[in-house]
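Report on the structure given below.
None of the figures in this text is laboratory data; all of them are computed from the coordinates on show. Everything numeric in this text was worked out from a predicted model, so none of it was measured. So basically every Cβ, Gly included, is an ideal-geometry build from the backbone, and we count neighbours across all protein chains shown.
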Amino acid sequence: MSVRLNGKLLLVSVILLVATFTTVFRSNDVNAAQITVRKLTLQAGTTDGGSKPGGVVKHQFEFTIPSATAVGSIQFEYCTTASGGTCVVPSGLDTTAATLTNQSGSIGFTMVNTTNGAPYITRGSAVSAAGTDLYQLSNITNPTTTNYTFFVRISTYTSTNATGSPVDTGTVAASTSTQIVLTGIMPESLIFCTGATITKTAGIPDCTTATAGAISFNQLFSPTDTATATSQMAASTNAASGYSITVNGPTLTSGSNTIPAMTSSGVGVRGTGQFGMNLKLNTVATSTVAVGAEVDSAPDGVNLKGQAAAGYDTVDNFKFVSGDSVANSANGGAGPTNAQIFTSSYIVNVAGNQASGTYVSTLTYICTPTF
């Protein structure tokens, strides 16, 4: 009987032992549900990139809270490991200056960040927070280790001070990263070309399209009609004071015979010896077929500053003085400009006694930027 009694006692002890183990296991399971669809996005701060080691940046948390249980606070615990054991704050991380700068979903929270690496947000009372939420924490200093993964354990609480058993939990990961530093140099720049014609490529004047500069007037010279011709040039520069374009060369000559240059701006007069030019779209008051074009694209005083210069900027008025500035980038104040196309319009009027011959003028346009 004593053996049986001992057997019974042994049996009771085993049963009690099993019952005790089961009770302990359940007491450690707080029944916290898993926070889902969770992520931490490292966003740029005022000066630092989001994942810069040691950068002062923004940490934006987005997640879905599964429980309908009222939530009074949410803690963000920064750790070197994802879960289990004591949370060790990553080296260099600093959350003590963090502020809550954006929130959506379940709102009404304010920031509490007295403990480095374990800030939490709180509100006056616990309210159901089930659903998708977003919280942006600014002025967080990233861990200082480069290419380093750290973890944030997110826990929701019924309490308003992140104490007690968590309602829901979840972990997110993020990493600092080596910054890629790209360096390039924009040198002092001047793009300038001349030709009979210049066209645009994708809306931009393209000097590779410039045609040859051998140009003939549209008709034989005559005292009864004005002969015309055009050439084009394009220019752009990043010079701080922009550019000036001058025309250089002689008037039209044939041997010892010349056609007088128009040394002051004026209208063309048929039957009078005149050689002149301007950079405008002229009218039939000048010639039977209107000659010329306006600057293309038109100056706007900001990105497009090229314009015809004084003396060469009036419709149906012409001038030619070697060395004169005929265009500049001074629209809205001298400065850098994107590319534009200028059309130079040339006119010739001759007197009835103008000597016959082939008249030629070789003109050189010089574009000078001032850096």
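At a glance:
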item	result
Neighbour-count ranking [beta-carbon atoms within 10 angstrom, fewest first] of Asp316, Asp324	Asp324, Asp316
Burial order of peptide ranges 34-43, 132-141 (average beta-carbon count within 10 Å, highest first)	132-141, 34-43
Cα-centred dipole magnitude for the range 235-371, charges only on beta-carbon of K, R (+1) and D, E (-1), debye, nearest 20	200 debye
Packing-based exposure ordering (other Cβ within 10 Å, fewest first) of Leu93, Leu281	Leu281, Leu93
Per-peptide average of other Cβ atoms within 10 Å, ordering 286-292, 108-114 highest first	286-292, 108-114
Order of Met186, Met233 - criterion: other Cβ atoms within 10 Å of each residue's Cβ, fewest first	Met186, Met233
For the range 63-144, the Rg and Dmax computed from alpha carbons only, in angstrom	13.3, 38
The chain: Cys lacking any partner C-beta under 4.7 angstrom	Cys367
Average silhouette area of the chain, convex hull of alpha-carbon atoms, in square nanometres	31.8 nm²
Cα long-axis angle, helix 2-28 against the chain (0 to 90 degrees, to the nearest 10)	20 degrees
Cα-only Debye scattering, the range 172-325: base-10 log of I(q)/I(0) at q = 0.09, 0.14, 0.20 Å⁻¹	-0.39, -0.81, -1.45
Cα-based convex hull, the range 140-261, per residue volume (Å³, whole number)	306 Å³
Mean projection area, nm², convex hull over Cα of the range 238-371	8.2 nm²
Theoretical ellipticity at 222 nm over the chain - DSSP helices of four or more residues, -39500 (n - 2.57) apiece, nearest 500	-2500 deg cm²/dmol
Long-range HN-HN contacts of Thr144 with modeled amide H, under 5 Å	Gly54, Gly92, Leu93
Qualifying lysines (Cα of each under 30 Å from Cα of Lys319; at least 8 residues distant if same chain)	Lys200, Lys280, Lys305
Dimensionless Rg ratio for the range 138-187, taking C-alpha atoms and the 2.2 N^0.38 Å reference	1.90
